[in-house]
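See structure below.
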Amino acid sequence: MKLIIDDAHIDQIKKIYEFYPVDGVTTNPSILAKSGKQPYEVLKEIRAFIGENAQLHVQVVAKTAEGMIEDAHRIAAELGRNTYVKIPSVPEGFKAMMALHEEGLQITATAIYTPMQAFLAGKAGASYAAPYINRIDNMGYNGIQVAQKIHNIFKNNGLKTEVLAASFKNSQQLLELCEYGIGASTVSPDVIDALVKNQAITAAIDGFTADFEKLAGEGKTMSNC
Ligand code: G3P
């Protein structure tokens, strides 16, 4: 499972990249708005930092297929290779996906709440389909099960599309999809950090340090004892 950062604050992205093995960045219009910078200013800053080999997912905003296609062309031209154009999985979006797939652009179908939206996106040529796990949970359904069902639909129908699960609020949601072996998950920096924030882990490491310092002296490590 690829692990992607769902955020557009460059400081947060740099911090996560420093400490964790991650595969890129996803954004949406709301995430861009929270960055407080103009769209292409912040997106180019992110691209420059993550490099051309990492995935960058950027969403169209236009409502019609024609407008989405124009948005997609600009996004691809500005942000280069390994940029995935996020397109909502609605009728106008499927129309845009088919045309853009024909042109060879990489597509992430987004705003997915139901398995059949994802199936149609897969058939329309999307590389990824993004179900919103926590938002589905909040509607009283099971976001994890929806994502697993979509994964199975892709595999059982010979579609190359992968699940890119989005909208996580906790480690458990991510763990279940990691165990299932979906293609990718995109997660906010605080949820990534929380994956390893655990008192038992900290206590174990503090115990090793205390024992070693009793043996070798305060502040000593394996390089200076
Ligand atoms: O892009 C979709 C995803 O990031 C939504 O996350 O936390 O707003 O539900 P959230």
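The values are calculated or read from the model by the stated rules, or taken from the named source; none is laboratory data. Note that the coordinates shown come from a computational prediction; the quantities given were computed from them, not determined experimentally. Backbone-built Cβ (ideal geometry, glycine too); neighbour counts: all protein chains shown. When the accessible area is computed, the model is the full protein with side chains, heavy atoms only, and any ligands, DNA or RNA have been set aside. Shrake-Rupley method; radii C 1.70, N 1.55, O 1.52, S 1.80 Å.
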Checklist line | FRET efficiency estimate (nearest 0.05) - Cβ-Cβ, residue 20 to residue 78, R0 35 angstrom | finding: 0.85
Next item on the list: Whenever you get a sec, compute what percent of the accessible area on the chain sits on carbon and sulfur atoms (1.4 Å probe).
Entry: 54
Notebook entry, point to check: Within the range 92-107, whose backbone N sits under 17 Å from a point 7 Å along Cα→Cβ of residue 70?
Noted result: 92-93, 96-97, 100
Item checked: With at most 15 neighbouring Cβ atoms within 10 Å, loop GluC sites (Glu not before Pro) (DSSP) excluded, longest segment of the chain -> 53-217
Checklist line | Table column - 3J(HN,Hα) (Hz), the range 13-18, Karplus curve with 6.51, -1.76, 1.60, x for Gly and Pro | finding: 5, 4, 5, 5, 4, 5
Note to self: Could you compute the net charge surrounding residue 154? Neighbours are other residues with a C-beta less than 13 Å from the C-beta of residue 154; K and R count +1, D and E count -1.
What the structure shows: +3
Check: Top to bottom by accessible area (1.4 Å), largest first, where do 73, 151 land?
Finding: 73, 151
Check: Within a Cβ distance under 13 Å of residue 101, other residues only, what is the Lys/Arg minus Asp/Glu net charge?
Finding: +1
Check: Which whole-Hz couplings ³J(HN,Hα) result when phi for each residue of the range 88-105 is put into the Karplus expression 6.51 cos²θ - 1.76 cosθ + 1.60, θ = phi - 60°, listed in order with x for Gly and Pro?
Finding: x, 8, 10, x, 4, x, 4, 4, 5, 4, 4, 5, 6, 5, 4, 7, x, 6
Checklist line | Whole-Hz ³J(HN,Hα) from phi, Karplus 6.51 cos²θ - 1.76 cosθ + 1.60, for the range 208-225, glycine and proline x | finding: 4, 5, 4, 4, 5, 5, 4, 6, 10, x, 4, x, 7, 9, 5, 8, 10, 8
Notebook entry, point to check: Which aspartates and glutamates does residue 155 reach when only Cα atoms under 13 Å apart count, and residues fewer than 8 places away in its own chain are ignored?
Noted result: none
Notebook entry, point to check: What's the extension gain from residue 101 to residue 208 if we count 0.36 nm per residue and subtract their Cα-Cα distance?
Noted result: 33.1 nm
Notebook entry, point to check: How much length is gained on full extension from residue 223 to residue 156, taking 0.36 nm per residue of separation minus their Cα-Cα distance?
Noted result: 18.8 nm
Check: How much area per residue is accessible in the chain when the probe is 1.4 Å and only protein heavy atoms are counted (Å²)?
Finding: 52
Next item on the list: Compute, for residue 49, the solvent-accessible surface of its heavy atoms (probe 1.4 Å) with the complete set of protein chains present, and express it in square angstrom to the nearest 10.
Entry: 80
Notebook entry, point to check: residue 63: which lysines have alpha carbons under 30 Å from its alpha carbon, excluding same-chain residues fewer than 8 sequence positions away?
Noted result: 2, 34, 37, 44, 86, 95, 123, 149, 160, 169
Notebook entry, point to check: Relative contact order for the range 28-165: what is it in percent, counting Cα pairs under 8 Å that are at least 6 residues apart?
Noted result: 16
Next item on the list: Could you pull out the trypsin sites (Lys or Arg not before Pro) across the range 150-193 that fall in loop regions by DSSP (anything but H, G, I, E, B) with no more than 13 other Cβ atoms inside 10 Å?
Entry: 160
Next item on the list: Quick one: order 225, 178 from most to least accessible surface, probe 1.4 Å.
Entry: 225, 178
Notebook entry, point to check: Taking H as built 1.01 Å from N, whose amide H comes closer than 5 Å to the amide H of residue 187, not counting residues under 5 places away?
Noted result: 4, 5, 6
Next item on the list: List the residues of the range 169-187 whose backbone N lies under 17 Å from a point placed 7 Å from the Cα of residue 200 along the Cα-to-Cβ direction.
Entry: 171-173, 175-176
Item checked: Placed amide H near residue 162: partners under 5 Å, 5+ positions off or other chain -> 128, 129
Check: What residues have an amide H closer than 5 Å to that of residue 62, excluding those fewer than 5 places away on the same chain, when H is modeled at 1.01 Å from N in the peptide plane?
Finding: none
